[in-house]
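Bear in mind these aren't lab numbers, they're just calculated from the coordinates by the rules spelled out. Everything numeric in this text was worked out from a predicted model, so none of it was measured. We place every Cβ from the backbone using ideal geometry, glycine too, and count neighbours over all the protein chains shown.
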Amino acid sequence: MELNKKFFLNKRIFITGGTGTFGTSMIKNLLSNYNVNKITVYSRDEMKQWYLREQFSKFKKINFVLGDVRDKERLTNCMEGNDYVFHAAATKIVPTSEFNPEECIKTNIIGAMNVIDAAKNTNIKRVVALSTDKASSPINLYGATKLCSDKLFVSQNAISKKKTIFGVVRYGNVMASRGSIIPFFKSLKDHKYFPITHSDMTRFFLTIEDAVAFSCFCLKKMYGGEIFVKKIRSIKITDLAKSIKKDAKFKITGIRPGEKIHEQMIGSDESLNTAEFKDHYEILPNMKEKNLRLKQGGHKVSDDFIFSSMTAKKFTIKQFSKMIDNIN
């Protein structure tokens, strides 16, 4: 998914939640591969900003701004003058969201509405919102709020007279992200048992580098209203544990509130408007858009198509172990 370097040439990039794993990796990607004009990191955690500022102290193109996506006035003022927006700010931890629903809604739904309004009011050219596999047929509050967010971003391209283009990128668990199961299991390597909520559980995984590259690709390719889904592999959680400790033993603890046995990227209802390409799928907003994509080399998936972590191509234990070893 090579991207023409001119696409980011002298552009001003705004990243909400920019001190997280995605934002940090996106900054590295933009500085290393593209001659951008400015990168604005917008987040509410001053300590993470301080650490990130130290990490990138030699670069003068980065602007760190304290702010919350819940604050539309502040967000709008800070977004002024930028070209592209990556919206990564979110409340993401499933159990936290289940027991603090009001806070999750304020960030993931109200925050999404604020990002949309701010982008339109400041004439942003393109906005990519990061989503999750939990937004497809959600059973937990986090997934439900991200589904609402996805719908908000998708709908803007049809109802807004502004020139801002909105799109969504949906993917699974990022291997290097904070709070990931991987560092947690690594910390238990010398313990007798690994706690497993269900023996059949599977999850999608991809590297942060793949997530960032795919997001940049989608920002360039989108016409507006698409949900982009990268073709990624999944793994059984028991095999994940064995990739960390070959002779791992397990203690079944039971499924947590809001947890699925298998995650889903594309459901059968969404398949009706889904086009498949070599490395990704696109859930398209309407028939006109679908016909356009099919002419561009995509092909329609079957009406009963489902992209699930249960049926997706699996990582072997050896493959996943090698990927874990390569994580910085």
| query | Fewest first, what order do K106, K58 take by the number of other Cβ atoms within 10 Å? | reply | K58, K106
| field | Cβ-derived FRET efficiency at R0 22 Å, N4 paired with S32, nearest 0.05 | value | 0.85
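With 19 Å as the limit, write out which pairs from K60/K221; K5/K151; K192/K245; K189/K231 have Cα-Cα distances beyond it, or answer none. Can you show the working numbers first?
Values: K60/K221 29 Å; K5/K151 30 Å; K192/K245 11 Å; K189/K231 30 Å.
From the list (K60/K221; K5/K151; K192/K245; K189/K231), the Cα-Cα distance tops 19 Å for K60/K221; K5/K151; K189/K231.
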| request: Taking amide H positions as placed in the peptide plane 1.01 Å from N, state which residues far from S131 in sequence (5 or more) or on other chains have amide H under 5 Å from it. | output: V169, R170, Y171
| query | At a Förster distance of 35 Å, what's the computed FRET efficiency of D304 paired with D190, Cβ-Cβ distance as r, to 0.05? | reply | 0.15
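Take the eigenvalues of the Cα gyration tensor for the chain, scale each by 5, and report the square roots as semi-axes in whole Å, largest first. Please list the in-between numbers first.
On the way: eigenvalues 187, 119, 76 Å².
Equivalent ellipsoid semi-axes, largest first: 31, 24, 19 Å.
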| said: What do you get for the angle between helix 111-121 and the principal long axis of the chain? Use alpha-carbon atoms, 0 to 90 degrees, nearest ten. | reply: 20
| task | Please give the length that would be gained between K322 and I261 if that part of the chain were fully extended, namely 0.36 nm times their separation in residues minus their C-alpha to C-alpha distance (nm, one decimal). | result | 19.5 nm
| 21 Å Cα-Cα threshold exceeded, pairs from K48/K242; K251/K314; K28/K313; K61/K106; K162/K220; K220/K314 | K48/K242; K251/K314; K28/K313; K61/K106; K220/K314
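Taking the mean number of other Cβ atoms within 10 Å as a proxy for protection, how do you rank 164-172, 310-318 from highest to lowest? Mind dumping the intermediate values first?
Working: 164-172: 23.9, 310-318: 14.7.
Ranking the peptides 164-172, 310-318 by packing returns 164-172, 310-318.
Loop only by DSSP, 13 or fewer other Cβ within 10 Å of the Cβ. Give me the chymotrypsin sites (Phe, Trp or Tyr not before Pro) in segment 1-38 that pass, ordered by residue number.
When the chymotrypsin sites (Phe, Trp or Tyr not before Pro) of segment 1-38 are filtered for loop state and at most 13 Cβ neighbours within 10 Å, nothing remains.
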| Charge dipole of the chain about the Cα centre (unit charges at C-beta), most positive-ward option of N108, S43, L219 | L219
| said: 5 Å is the cut-off here: which amide hydrogens, built 1.01 Å from N in the peptide plane, fall below it relative to I266, excluding neighbours closer than 5 in sequence? | reply: F307
| Distance from the Cα centre of segment 202-223 to that of segment 113-177, in angstrom? | 14
| task | Arrange the following residues from fewest to most other Cβ atoms within 10 Å of their Cβ: C218, C78. | result | C78, C218
| remark: Quick calc: nm separation of the 7 Å Cα→Cβ label points for V65 and K163 -> 2.0
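Fewest first, what order do H191, H280, H299, H198 take by the number of other Cβ atoms within 10 Å?
Working: H191 13, H280 20, H299 9, H198 17.
Neighbour counts put them in this order, fewest first: H299, H191, H198, H280.
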| task | For K236, go through the aspartates and glutamates and keep the ones whose alpha-carbon is under 17 Å away, minus same-chain ones fewer than eight residues off. | result | D133, D200, D247, E259, E263
| task | For segment 204-285, run through the chymotrypsin sites (Phe, Trp or Tyr not before Pro) and keep only the ones in DSSP coil with at most 15 other Cβ atoms within 10 Å of their Cβ. | result | Y223, F277
| request: Could you state the angle between the C-alpha long axis of helix 141-159 and the longest principal axis of the C-alpha atoms of the chain, as a value from 0 to 90 degrees rounded to the nearest 10? | output: 30
| query | So how tilted is helix 208-221 from the main axis of the chain? Cα-based, degrees 0 to 90, rounded to 10. | reply | 40
